[in-house]
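Everything below concerns the one structure shown next.
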Amino acid sequence: MSAERYNRQIILKGFGEAAQQQLLKAKVLVIGAGGLGCPALQYLAAAGIGHLGIVDDDTVSLSNLHRQILFTTPDIGKLKTEVASKRLQEMNPQIGIVTHPIRLQKGNILDILSRYDYILDGTDNFESRYLINDACALLNKPLIFAAVSGFEGQLAIFNAADNLAGSTNYRDIFPVPPGKGEIPNCAENGVLGVLPGIIGTMAAAETIKLITKTGQPLNNKILNYNLLTHQQYIINISQSSDYVLPKSVAEFLNMEYQDTSEAPHGYEEIDTAALTKLRQQESVILIDVREKHEVPVLDKQVFTQVPMSELNAFITKGFSQKHVVLICQHGIRSVAAAETLQEKFGNSKKIYSLKGGIVKWRDYFMRP
Amino acid sequence: MKIEIISFGKIAEFISDQKIDIAEIADTDSLKMHLETLFPELKGMKYKFALNNQLVQANSIINQNDILAIMPPFSGG
């Protein structure tokens, strides 16, 4: 270990050589190399975490760059784990970095997590968050949880006891994930790049505090942070008896996490190439489930307008087409609509949802 | 009895931080019903109460000047 590299934190009162050695011995897995993961990885690598793992199966895209600051414009299209690993290794060649360019699922997560001592969740969806929570609880791994919404962030540490009580996990706060249909609207909330920068950096700080037993990490606490006001509100988490956690690997493998790859929906998410093919078939109805005021306006001769608020009435009235393609702005409401139709029609109709919605395939919808 | 309400995320879009008078309400279960009547958007959303910084896991008595936080889950990254 180069003492000079870490000199400024080693000389810090209350930190010192011993804490630095603990960082060097620590094995930390960061899940999601996105808005939260990038700043967390940078500070964890710079601080000298000896073994750093990165999980992400995604590639860099242009709209990532305003907040995912490990990546540069020429990196677009490259695997995030590869770019991140290279940058971090250049920043600190003295640490070991392992990349896992995969999507975590029931079948692989326990194996990967068991190789690490601390898990940092910087993912962007509830399926992953519940999967990671349950896997960490089963393996008894401390979990640093970071999440953002709008101008606000949440930060917590699970599966790490404090001196007052045993440990808690995410299900002690929210026993079950919100259903897809509960998402109030389709438009992505958007995020100011600096917000995950702050929350991701705070997550790195919590990881370092937890490893080195410095200060008061957020064990059994959840911090709510508001970027607009800088207000912070800490809530103490107590244990709940309101949920069931898998107690064994067999039970874990039987859990339902709505992995698209493992649990068939009964409807299909498609791209515009598949949509083009479908449109040539007979007995197809294309349904635009957006509200009537939303733009761009699609050709009403081709796309039947059925806003979400009128969907149930439309289903009750019934229609004859066998293939149903649902379309909305971002492909989220159309999934909720697909689930509703699936429940109603089962296998008697084939249901499709346009993945990514009109925004993703703007050229397709806007061409003359 | 007056209490203070603070809320986060999507919930803050329709319940602003405010002091409210809850004359007839004595506990968190009744307050939940009251708030869901006042703010129908709350119904069908996942959220959790915290009373004076303690997560509410069972019906709890509310006292004058208590602070009730309403927290939804965040998943973004």
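Note on chain A: with charges restricted to the Cβ of Lys and Arg (+1) and Asp and Glu (-1), its dipole about the Cα centre is near 380 debye. Loop-located GluC sites (Glu not before Pro) in chain B (DSSP state other than H, G, I, E, B) with a sparse environment of at most 13 neighbouring Cβ atoms within 10 Å: B:24. When only Cα pairs below 8 angstrom with a gap of at least 6 residues are kept, the stretch B:2-71 shows a relative contact order of 45 percent. Under the convention that each Lys and Arg Cβ holds +1 and each Asp and Glu Cβ holds -1, the size of the dipole of chain B around its Cα centre is about 240 debye.
Tell me the net charge near residue A:243. Cut-off is 11 Å between Cβ atoms, residue A:243 excluded, with +1 for each Lys or Arg and -1 for each Asp or Glu. Present the calculation step by step, with values, prior to reporting the outcome.
On the way: positive: A:171; negative: A:134, A:172, A:242.
Here the count lands on -2.
The Cβ shell under 14 Å around residue A:364 holds other residues with a net charge of +2, Lys and Arg each +1, Asp and Glu each -1. Think of the protein assembly as shown as a dipole: +1 on every Lys or Arg Cβ, -1 on every Asp or Glu Cβ, centred on the Cα centre; then among A:18, A:69, A:298, A:69 lies furthest on the positive end. Top mean-square fluctuation among B:26, B:50, B:58, Gaussian network model of chain B, C-alpha springs under 10 Å? The residue with the greatest mean-square fluctuation here is B:58. PRE reach from residue A:164 (point 7 Å along Cα→Cβ): which of the stretch B:33-77 fall under 15 Å by backbone N? Within reach of a label on residue A:164: B:50-57. Of all DSSP beta bridges confined to the protein assembly as shown, the antiparallel ones make up roughly 45%. Each residue of the stretch A:123-130 is assigned a 3J(HN,Hα), and the resulting list reads 7, 10, 8, 5, 4, 5, 5, 6 Hz, derived from the Karplus form 6.51 cos²θ - 1.76 cosθ + 1.60 (θ = phi - 60°), x at Gly and Pro. Sequence-ordered 3J(HN,Hα) estimates for the stretch A:14-26 from the Karplus curve with 6.51, -1.76 and 1.60 and θ = phi - 60° stand at x, 10, x, 4, 4, 5, 4, 5, 5, 4, 4, 7, 6 Hz, glycine and proline given as x.
Fewest Cβ neighbours within 10 Å first, please rank A:240, A:63 accordingly. Walk me through the numbers before you get to the answer.
Details: A:240 18, A:63 9.
Least to most surrounded, the residues fall as A:63, A:240.
Placing a label point 7 Å from the Cα of residue B:17 along the Cα-to-Cβ direction, the residues of the stretch B:54-77 whose backbone N falls under 16 Å from that point are B:66-72. Mean-square fluctuations from a GNM of chain B, with a 10 angstrom spring cutoff on Cα atoms, peak among B:46, B:32, B:19 at B:46. Between residue A:89 and residue A:117, the FRET efficiency from the beta-carbon distance, with R0 = 30 Å, is close to 0.90. Close Lys pairs in the stretch A:268-366, defined as Cα atoms under 23 Å apart and 8 or more places apart or on different chains, number 25. Determine, from the Cβ-Cβ distance of residue A:245 and residue B:27 and an R0 of 22 Å, the FRET efficiency 1/(1 + (r/R0)^6), rounded to the nearest 0.05. It comes to 0.20.
For the residues A:242, A:134, A:56, a GNM of chain A with alpha-carbon springs under 10 Å puts the largest fluctuation on A:242.
Can you tell me, using C-alpha contacts under 8 Å and at least 6 residues apart, the relative contact order of the stretch A:1-120 as a whole percent? Don't jump to the answer; show the numbers that get you there.
On the way: 198 pairs, mean separation 35.0, N = 120.
Worked out over the stretch A:1-120, it gives 29 percent.
Among A:60, A:216, A:150, pick out the residue whose Cα is farthest towards the positive end of the charge dipole of the protein assembly as shown, where Lys and Arg carry +1 and Asp and Glu carry -1 on C-beta, about the Cα centre. The residue sitting farthest along the positive end of the dipole is A:60.
Over the stretch A:239-339, what is the relative contact order in percent, taking alpha-carbon pairs closer than 8 angstrom and at least six residues apart?
Numbers: 81 pairs, mean separation 28.0, N = 101.
Relative contact order of the stretch A:239-339: 28 percent.
Note that the stretch B:53-69 has calculated 3J(HN,Hα) couplings of 6, 10, 4, 8, 9, 8, 3, 10, 5, 9, 10, 3, 6, 5, 10, 10, 9 Hz, one per residue in order, obtained from phi through the Karplus relation 6.51 cos²θ - 1.76 cosθ + 1.60 (θ = phi - 60°); glycine and proline are x. Listed by chain and number, the aspartates and glutamates placed with their C-alpha closer than 16 angstrom to that of residue B:10 are A:152, A:182, A:188, B:36, B:41; residues fewer than eight positions away on the same chain are left out. At R0 = 30 Å, how high is the FRET efficiency between residue A:234 and residue A:194 if r is their beta carbon distance? Nearest 0.05 is fine. Calculated transfer efficiency: 0.90.
Readers should treat all values here as calculations from the given coordinates under stated rules, not as data from a laboratory. Just so it is clear, the model here is predicted, and its values are computed rather than measured. Every residue, glycine as well, gets a Cβ built from its backbone with ideal geometry; the counts of neighbours run over all protein chains shown.
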